[in-house]
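Engineer: Sharing a structure, written as structure tokens. Questions coming.
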């Protein structure tokens with residue numbers, strides 16, 4: 001089955017700095033890579049995603065990059081703000097093309113943005 | 001995105017009892033999953049709820065302990081049976097349309113005394 005490794009487990013930055021979270025996956029059949037943000041006591045929320053036919057995707061201060069050859073993808077947050085503080089989860093999903101699939105999540109990264 | 005209603009949002013139960021968690025979606029969805037999340041931990045997949053057939057359980061989870069129903073494309077239940085304090089956790093319903101996107105319910109925080 002799929003295995004997703006996520007690093008670092010904790011990331012502490014100063015407000016305004018950039019933050020990068022990295023994930024690697026093992027199953028070459030994975031073709032969809034979402035990122036979730038989970039604030040304390042809340043449900044995980046999808047913040048950005050990328051499919052295997054794209055190398056990079058950006059949405060305001062958030063971007064995701066994908067290297068299929070190396071089987072890794074990364075979340076980039078620029079100009080971090082205290083409200084970015086949360087736990088971030090990456091996931092890899094094989095065969096996400098209209099059929100059934102099983103998502104595999106990373107272990108999460110606790111991002112702390114200091115004012 | 002789908003609107004997911006999960007209940008109860010929290011409950012305190014006595015050991016040895018059972019609790020059923022409900023997940024209702026406002027539209028038909030292809031995939032429904034049940035996750036467990038310990039405080040500060042990642043999301044552990046319990047099972048995939050299959051419409052009209054037995055759920056598909058992940059390693060370490062069995063039907064006798066976590067029976068799941070999915071009578072249609074908008075509703076599923078997870079029962080935590082014969083509870084012990086080790087079952088204290090947050091249980092999350094998740095739905096997807098088949099192209100990978102997942103949306104989560106608010107979660108059910110279970111405490112077993």
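The values are calculated or read from the model by the stated rules, or taken from the named source; none is laboratory data. Computed from a predicted model, the values in this text were never measured in an experiment. With ideal geometry, Cβ positions are generated from the backbone for all residues, glycine too; neighbour counts draw on all protein chains shown.
Engineer: If residue A:83 meets every condition in (1) outside any helix (DSSP H, G or I); (2) closer than 27 Å to residue B:108 by Cβ apart from one, which number is that one?
Structural biologist: Single failed check for residue A:83: (1).
Engineer: Do we find that residue A:24 is in contact (Cβ under 8 Å) with a residue 40 or more places away in the chain, under 23 Å from residue B:92 (Cα atoms) and within 13 Å of the chain's Cα centre (by Cα) in this structure?
Structural biologist: no
Engineer: Name the residues in region A:80-100 that are free of Cβ contacts under 8 Å to residues at least 40 places away in the same chain and within 11 Å of chain B (Cβ to nearest Cβ), would you?
Structural biologist: The answer is A:98, A:99, A:100.
Engineer: For region B:64-113, give me the residue count where each residue is farther than 15 Å from residue B:21 by Cα, without any contact (Cβ under 8 Å) to a residue 60 or more places away in the chain and surrounded by fewer than 19 Cβ atoms within 10 Å (Cβ to Cβ).
Structural biologist: Within region B:64-113, residues that are farther than 15 Å from residue B:21 by Cα, without any contact (Cβ under 8 Å) to a residue 60 or more places away in the chain and surrounded by fewer than 19 Cβ atoms within 10 Å (Cβ to Cβ) number 5.
Engineer: Residue under question is residue A:66, and the condition is that it be more than 10 Å from chain B (Cβ to nearest Cβ) and either surrounded by 15 or more Cβ atoms within 10 Å (Cβ to Cβ) or not in a strand (DSSP E or B) (or both); does it hold?
Structural biologist: Taking the combined requirement at face value, the residue satisfies it.
Engineer: Still on this structure, I have one more. Kindly list the number of the only condition in (1) away from every other protein chain (no Cβ under 14 Å); (2) surrounded by fewer than 17 Cβ atoms within 10 Å (Cβ to Cβ); (3) at pLDDT 95 or above that fails for residue A:28.
Structural biologist: (3)
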